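Presented below is the structure to which this report refers.
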Amino acid sequence: MSILRLVDLTKTFGSLLATDCVNLSIDAGERHVIIGPNGAGKTSLLNQISGQLRPTSGRILFKDVEIAGLAPERICKLGVGRTFQRNNLFNRLSVLDNVRLAVLARRGNPMNAFVPMARLAALESRSVEILELVGLGDRRAALVRTLSYGEQRQVEIAIALATEPDLLLLDEPTAGMSPAETGQMVSFVAALPRTLTILMIEHDMQVVFSLADRISVLHYGRLLATGAPAEISRNESVQEIYLGTAH
Amino acid sequence: MPERTDAAGLPATRIVTILRYAGVTLLAALALVPLGLGDYARSIVAEVLLFCIFAMSLDLLLGFTGLISFGHAAFFGIGAYTVAVLGAQFGLHPLLGALVALVVAAFAAAVIGFFCIRASGVYFIMLTLAFAQLLHSVAFKWRAVTGGSDGLILRSLESGVTTYYVIFVAFLGVYFGLRRLIAAPLGQVFIGIRENETRMRAAGYATARYKLLSFVIAGCLGALSGALFALLNGFVSPAVLFWTLSGEGLIMLILGGMGTLVGPIVGAAVFIGLKHTVSTYSDHWEFVVGAIFIACVLFFKQGIYGWCREILVRGPRS
Ligand SMILES: Nc1ncnc2c1ncn2[C@@H]1O[C@H](COP(=O)(O)OP(=O)(O)OP(=O)(O)O)[C@@H](O)[C@H]1O
Ligand SMILES: [Mg+2]
């Protein structure tokens, strides 16, 4: 059963076609990876699904509900969580506060103006639980800006998970990570429960092939091919983009 | 990250203790002001306290929610004029007038905020300024109600000491109330919006709603300071709505340091203090304030309070 369906999705920036009539269906529980050269329109596609960008035309159906053009906060509440390609965090706040804000949105009462946040034990224990899951349990008191780049990537994932999504969008989760960190990230994502659907952009082919159930290839905003990893690696036009036209 | 504890500095817990003792001493001294000071000095302290409320309310917007308003005088003026007009036209007691002022300001802030929140950056600044100037010209032109440029005289409270304590209690209420709010989820959401609005929205917050709420709370408290100003002065003129007052609020925040509650208090005290001391020696007090302001912007970006805290943490070098 499909959880996400893109129908004739199109996004233009002036004369530039960032998303060119994309049709794609993602099954519940699937690990779907989008690949494609720089500037292919991968991030733009994700931004339309999570609401940061408004599509020019076409439809986005999440659990059969039209979400194209909705505000990001509405889409988040419906169950779409995401990380950003470039770390997009609360840099001057602690690791705990970063995650706790997301937990508050989902499980707490953000309008509460009287009880100190630090005294709301349920929010804190839930946040710590998520931080331990991503391996940042002992870093909770640190300010995010003092973390290593790789650790900040983990905070990205922690915040996304704290929104309790059914569909998780990951924009190059391993970008800028050391090989060791990349390995950890791969096993972390692989271990996430299958109740969660993952749509992920990734450049590192080793990561792609160890996680993907299916792969989609974007090129100049167009969906060139979608299929199982083995099909994609045999696909000629894909080989051409990655080998042929390289200069 | 453990708090820095350089040899020259003090551990964080000691600093908190020191600041807490300083705060308690200050509050005790403020409570005793009417016993120790004459009428004039007492009214200056009262003026400082009500401008502390003004600066703290502006800081909720600027320092905590990240919304740079250049029209906060609108609410100060709404507070002052509500008390004055209701007193002059209907004989309403000024303290009741102050309560009505809060309600009026809440409505006004909801309407003004509704339009301003839609804009961001420079457009937000200009819109807030425009609304405030609009109200200024209303106060100026609508002579039948506001007295125009002559202003309005209003009945004062029984005694200057009573007025002082009303202002002092309001100051305590606003300070401790805001402290509560900022530590609570709502305040943390404001801070989240200041730090990264895109991320807040992606985490499920309808940030426009929270920004409007911050605008309304700040507007109400700004109106409270204006109402107290009317009470203390016994006279209200269109100057309470002029853009220079909005600018003075911003200067107080930058002088004292924004994003804390003590910063605006320090800034308001320094600003009003300078205004009264320097203006007795020369007509150019604005020049002195301007020079200090420039020094703050250039050398202590955290303001005076932020700088003091830094010295306590780092020790007295550089
Ligand atoms: N807000 C925008 N305004 C105008 N053009 C944009 C905007 N965002 C993206 N683009 C353009 O759209 C195209 C697709 O960009 P996008 O960021 O989606 O690519 P990408 O596949 O994520 O690339 P990368 O691998 O470098 O992250 C690029 O040519 C980019 O310059
Ligand atoms: Mg990208």
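The values are calculated or read from the model by the stated rules, or taken from the named source; none is laboratory data. This is a predicted model, so every value here is computed, not measured. Heads up, the Cβs are rebuilt from the backbone with ideal geometry, glycines too, and the neighbour counts pull from every protein chain shown. Areas reflect the complete protein model, heavy atoms only, side chains present, ligands, DNA and RNA absent. Shrake-Rupley method; radii C 1.70, N 1.55, O 1.52, S 1.80 Å.
Would you calculate a helix-derived [θ] at 222 nm for chain B, using -39,500 (n - 2.57) for each DSSP H run of n ≥ 4 and dividing by the full residue count, to the nearest 500?
Details: 14 runs with 241 residues, N = 318.
Using -39500 (n - 2.57) per qualifying helix, the result is -25500 deg cm²/dmol.
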Legend entry - Between segment B:128-174 and segment B:270-289, the alpha-carbon center distance in angstrom: 23 Å
Legend entry - Acute angle (nearest 10 degrees) that the helix A:149-162 long axis makes with the longest principal axis of chain A, alpha-carbon atoms: 80 degrees
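If you count, for every residue in A:130-137, the Cβ atoms of partner chains within 10 Å of its Cβ, what is the mean? Before the final figure, lay out the partial values.
Details: counts 0, 0, 0, 0, 0, 0, 0, 0.
Per residue, the number of nearby Cβ atoms from other chains is 0 on average.
As an exercise, use a Förster radius of 56 Å and the Cβ-Cβ distance of B:Tyr40 and B:Ser120 to find the FRET efficiency, rounded to the nearest 0.05. Present the calculation step by step, with values, prior to reporting the outcome.
On the way: r = 45 Å, r/R0 = 0.80.
Computed FRET efficiency for B:Tyr40 and B:Ser120 comes out at 0.80.
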Inset, instruction - State whether segment B:1-138 is rounded, prolate or oblate according to the following rule on the C-alpha gyration tensor (a ≥ b ≥ c being the square roots of its eigenvalues): a/c under 1.5 gives rounded; otherwise a/b larger than b/c gives prolate, and the remaining case gives oblate. - result: oblate
Legend entry - Electrostatic dipole magnitude of the protein assembly as shown [Cβ: Lys, Arg +1; Asp, Glu -1; Cα centre; debye, to 20]: 700 debye
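In whole percent, what relative contact order does chain B give with Cα contacts below 8 Å and a gap of six or more residues? Write down the numbers at each step before the final one.
On the way: 488 pairs, mean separation 103.1, N = 318.
After rounding, I find 32 percent.
Given a 1.4 angstrom probe, I'd like the percentage of the accessible area of segment A:11-153 that is carbon and sulfur, rounded to a whole number.
Of all accessible area on segment A:11-153, carbon and sulfur atoms account for 51 percent.
Carbon and sulfur: what percent of chain B's accessible surface (1.4 Å probe)? Walk me through the numbers before you get to the answer.
On the way: 10040 of 14370 Å².
Carbon plus sulfur share of accessible area: 70 percent.
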Inset, instruction - Compare each residue of segment A:79-93 in its chain alone against the assembly with all protein chains, and report those whose accessible area goes down by 40 Å² or more; 1.4 Å probe, heavy atoms. - result: A:Asn88, A:Phe90, A:Arg92, A:Leu93
Inset, instruction - Go through segment A:54-70 residue by residue and turn each phi into a ³J(HN,Hα) via Karplus (6.51, -1.76, 1.60, θ = phi - 60°); whole Hz please, and just put x for glycine and proline. - result: 8, x, 6, 7, x, 10, 10, 10, 10, 6, 6, 10, 5, 10, 4, x, 6
Inset, instruction - Give, ordered by residue number, each residue of segment B:184-217 whose 1.4 Å probe accessible area is reduced by a minimum of 50 Å² on adding the remaining protein chains to the chain alone. - result: B:Pro185, B:Gln188, B:Glu195, B:Asn196, B:Arg199, B:Arg201, B:Ala202, B:Ala203, B:Gly204, B:Tyr205
Inset, instruction - Hey, can you find the accessible area per residue of segment B:56-123 for me, probe 1.4 Å, expressed in square angstrom? - result: 37 Å²
Inset, instruction - Set the Förster distance to 41 Å, then compute FRET efficiency between B:Thr13 and B:Ala130 from the Cβ-Cβ distance, nearest 0.05. - result: 0.30
Inset, instruction - Could you let me know the centre-to-centre spacing of segment A:61-120 and segment B:50-118, using Cα atoms, in angstrom? - result: 31 Å
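For Cα pairs less than 8 Å apart in space and 6+ apart in sequence, what is the mean separation divided by the residue count of chain A, i.e. the relative contact order in percent? Don't jump to the answer; show the numbers that get you there.
On the way: 452 pairs, mean separation 65.8, N = 247.
Once normalised by length, the contact order is 27 percent.
Using only the Cα atoms, work out Rg/Rh for segment A:120-205, with Rh taken as the Kirkwood radius, to two decimals.
On the way: Rg = 13.0 Å, Rh = 13.6 Å.
That ratio is 0.96, to two decimals.
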Legend entry - Computed accessible area, B:Phe114, all protein chains, 1.4 angstrom probe, square angstrom: 100 Å²
Inset, instruction - Could you tell me what percent of the DSSP beta bridges with both partners in chain A are antiparallel, to the nearest 5? - result: 55 percent
Legend entry - Estimated 222 nm signal from helices in chain A, with DSSP H stretches of n ≥ 4 weighted -39500 (n - 2.57), rounded to 500: -10000 deg cm²/dmol
Inset, instruction - Output ³J(HN,Hα) for segment A:170-179: one whole-Hz value per residue in order, computed from phi by the Karplus curve 6.51 cos²θ - 1.76 cosθ + 1.60 with θ = phi - 60°, and x for Gly and Pro. - result: 10, 9, 6, x, 9, 4, x, 8, 6, x
Legend entry - Average accessible surface area per residue within chain A, 1.4 Å rolling probe, Å²: 43 Å²
Legend entry - Nearby aspartates and glutamates by direct alpha-carbon distance to B:Lys275 (threshold 17 angstrom, same-chain neighbours under 8 apart not counted): B:Glu47, B:Glu248, B:Asp283, B:Glu286
Legend entry - Compactness of chain A, expressed as Rg and Dmax over alpha-carbon positions, Å: 18.4, 63
Inset, instruction - Give the interface area between chains A and B as buried accessible surface, both sides summed, probe 1.4 Å, in Å² to the nearest 100. - result: 2600 Å²
